[in-house]
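Contents: one structure, followed by commentary.
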Amino acid sequence: MSLSKLILNSPIIGDVAKKVASFKVNHDAGNISEHFTKFLKPQYASTDNLRNEVFKIRHNVYCEELAFENQKDDGMEMDDFDSHSIFALIQHKPTNNYTSCVRIVRSSNEDELLPIEKFCYDAIQNKDYDPKRFKREEIGEISRLAVKADFRRRKSDRFKGSAIGAISESSYSESELRCFPFIAIGLYMVAGTLAIDTGIKHAYVMMEPRLARSMKFVGIKFVQIGEPIEYHGLRAPYYINAEIFLENLTSGFKSLYKEIQKDIRSQF
């Protein structure tokens, strides 16, 4: 399997690119929030214990499963950007297990670069969106999004028994299985809430282009600011701000965002 296909089938994207692309957004829109909030809870990682859960998920995904990073003896994946980041998880309510995580890398000065600045700066071709044009404390990057294999579901996995993505369907109800493909969408909405509430006005992300196109189906419209490059698979640089994010959400997912926003804000 090529690396680009591995990325498409990976926990960074999960089922979103495949399922959202064919999902009719207006169908059952009123139930999206209900299904999600019944089984899943966004969690701001405000304590060391919760941040350790983030690092464990990242190790499981980035080190053990995808082998993008070397495995660590303590089973936690961390890097230099974590010192100036905030983190969030999504919890599966019936089991209290954490399904996924995301971080927002922030910057308070020029020594605190965003990952896109350090590793992919030359990929930013539209200089109107160059991070250096904005105040350091107002930029951030959505980074290290990961969804554990137990909470991903693809038909191919049922036949192959693949270690990347297979789940025991008998362990979950049909309603739960229906909402799991939207975990990645939920993570972006959590990241949006955290970014807005912490004063980040300009957000960046390196993303597989197909995922960006799929996100448009729910109204999350990232602005592509450069051509795709090879960076753990084919990725392109994208930009988003609060206005772009909030103005384009479709009705069903806007309802979900409001629920996620309320939940996250209650934890601050």
Checklist entry - Looking at the range 186-199, is at least one residue among the hydroxyl-bearing types (Ser, Thr, Tyr), in contact with a helix residue (DSSP H, G or I) (Cβ under 6 Å, 6 or more places away or on another chain), more than 23 Å from Asn31 (Cα to Cα) and modelled with pLDDT of 90 or more? => result no
Checklist entry - Between a first residue in the range 39-55 that is closer than 17 Å to Asp263 by Cα and assigned to a helix (DSSP H, G or I) and a second residue that is open to solvent by 40 Å² or more (accessible area, probe 1.4 Å) and among the basic types (Lys, Arg), which pairs have beta carbons less than 9 Å apart while being 6 or more apart in sequence or on different chains? => result Phe39/Lys93
Next on the checklist: Could you check the range 213-239 and list, in sequence order, the residues that are of a type in the set (D, E, K, R) and over 16 Å from Glu141 (Cβ atoms)?
Outcome noted: Arg213, Lys216, Lys221, Glu227, Glu230
Next on the checklist: Looking at Ala212 and the list (1) at pLDDT 90 or above; (2) within 17 Å of Tyr129 (Cβ to Cβ), which single condition is not satisfied?
Outcome noted: (1)
Checklist entry - So Thr250 fits all but one of (1) among the β-branched types (Val, Ile, Thr); (2) more than 25 Å from Pro131 (Cα to Cα); (3) open to solvent by less than 10 Å² (accessible area, probe 1.4 Å); what number is the exception? => result (3)
Item to check | Of the criteria (1) closer than 27 Å to Phe119 by Cβ; (2) modelled with pLDDT under 90; (3) in a helix (DSSP H, G or I), which one Ile244 fails | outcome: (2)
Checklist outcome for this item: If you go through Ala212, Ala203, Ala184, the only one that is out of contact with any Phe, Trp or Tyr (no Cβ under 9 Å at 6 or more places or on another chain) and buried (at least 17 other Cβ atoms within 10 Å of the Cβ) is Ala184
Next on the checklist: Looking at the range 122-149 only, could you name the residues that are over 19 Å from Ile196 (Cα atoms), at pLDDT 95 or above and either under 21 Å from the mean Cα position of the chain (by Cα) or in a strand (DSSP E or B) (or both)?
Outcome noted: Ala123, Ile124
Checklist outcome for this item: Taking the range 215-244 and keeping residues among the hydrophobic types (A, V, I, L, M, F, W, C), out of contact with any strand residue (DSSP E or B) (no Cβ under 8 Å at 6 or more places or on another chain) and open to solvent by 10 Å² or more (accessible area, probe 1.4 Å) leaves Phe217, Leu234, Ala242
Checklist entry - What number of residues within the range 66-84 satisfy the criterion of being at pLDDT 95 or above, closer than 27 Å to Glu110 by Cα and in contact with an Asp or Glu (Cβ under 9 Å, 6 or more places away or on another chain)? => result 5
Checklist outcome for this item: In the range 9-65, anything more than 16 Å from the chain's Cα centre (by Cα), aromatic (Phe, Trp, Tyr) and modelled with pLDDT of 80 or more is listed as Phe39
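The values are calculated or read from the model by the stated rules, or taken from the named source; none is laboratory data. Please read all numbers here as calculations on a predicted model, not as lab measurements. We place every Cβ from the backbone using ideal geometry, glycine too, and count neighbours over all the protein chains shown. The area values use the complete protein model at the heavy-atom level, side chains included, leaving out ligands, DNA and RNA. Shrake-Rupley method; radii C 1.70, N 1.55, O 1.52, S 1.80 Å.
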